[in-house]
Amino acid sequence: MTVDQTPGVTFSASPTPGAPPPPRTGAARAQSRALKARQVERVVTRIDPWSMLRVSLSFAFCLWLIIDVAAVLLWQGAVATGSLGKVENFLAQLLAESSFTIDGIKVFEGAAVAGIALFVAGAMFAVITSVLFNLIAGVFGGLRFTVVELETAQVARNPRS
């Protein structure tokens with residue numbers, strides 16, 4: 001796909017070189033302010049492991065926090081509606097026990113410890129993946145992708161006009 005086929009990109013150029021520009025109307029002035037674009041190829045050849053560690057730790061911490069808060073809210077909702085008591089009665093019947101109780105504090109502590117273990121493992125996995133990407137990119141040349149750069153510079157207006 002070339003730049004002139006890119007959706008959402010407009011050009012303001014004369015149709016033939018050397019031809020005088022058409023008179024400026026309101027639409028022509030708006031079109032002359034349109035952004036110009038060019039197609040550029042970029043190559044990612046290296047990802048810094050330290051940066052990857054910081055980003056993955058931040059992401060994993062936010063995800064862990066969101067899951068813990070959601071779990072506490074769902075647990076409180078289950079307690080308030082009586083659903084937890086029904087689940088405990090069902091498990092007591094299923095296990096042929098006289099009573100069965102689920103200790104919410106123990107469940108939360110176990111989930112928090114498992115979350116922290118997954119938090120650290122995920123961050124280490126991200127760092128190892130970035131090092132592996134760097135090694136593979138050194139052999140195969142990296143990850144190539146094409147972007148459209150929009151020219152955002154505008155012509156300064158003449159203060160006298």
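Checked against (1) aliphatic (A, V, I, L, M); (2) under 30 Å from Gly138 (Cα atoms); (3) at pLDDT 85 or above, Leu94 meets all criteria but (2).
Taking the condition more than 30 Å from Ile47 (Cα to Cα), at pLDDT below 90 and small (Gly, Ala, Ser), does Ala111 pass? Criteria met by Ala111. Just one of the listed residues (Phe145, Phe119, Phe125) is closer than 30 Å to Arg38 by Cβ and under 26 Å from the mean Cα position of the chain (by Cα), and it is Phe145.
When residues in segment 88-127 are screened for being aliphatic (A, V, I, L, M) and over 17 Å from Val72 (Cα atoms), 13 of them pass. When Ile67 is tested against (1) in contact (Cβ under 8 Å) with a residue 40 or more places away in the chain; (2) within 30 Å of Gln39 (Cβ to Cβ); (3) β-branched (Val, Ile, Thr), just one condition goes unmet, and that condition is (2). Please specify each residue of segment 45-66 satisfying the condition of being touching a strand residue (DSSP E or B) at 6+ places or on another chain (Cβ under 9 Å) and not in a loop (DSSP other than H, G, I, E, B). Of everything in segment 45-66, nothing turns out to be touching a strand residue (DSSP E or B) at 6+ places or on another chain (Cβ under 9 Å) and not in a loop (DSSP other than H, G, I, E, B). Residues that are within 16 Å of the chain's Cα centre (by Cα) and surrounded by 13 or more Cβ atoms within 10 Å (Cβ to Cβ) within segment 56-82 comprise Ser56, Leu57, Phe59, Ala60, Phe61, Leu63, listed in sequence order. Yes or no: Ile102 in contact with a Leu (Cβ under 8 Å, 6 or more places away or on another chain), without any contact (Cβ under 8 Å) to a residue 40 or more places away in the chain, closer than 29 Å to Leu65 by Cβ and surrounded by 11 or more Cβ atoms within 10 Å (Cβ to Cβ)? It is true that Ile102 is in contact with a Leu (Cβ under 8 Å, 6 or more places away or on another chain), without any contact (Cβ under 8 Å) to a residue 40 or more places away in the chain, closer than 29 Å to Leu65 by Cβ and surrounded by 11 or more Cβ atoms within 10 Å (Cβ to Cβ).
The values are calculated or read from the model by the stated rules, or taken from the named source; none is laboratory data. What you see is a predicted model; the values in this text were computed from it and never measured. Cβ sites come from the backbone with ideal geometry, for glycine too, and all protein chains shown count toward neighbours.
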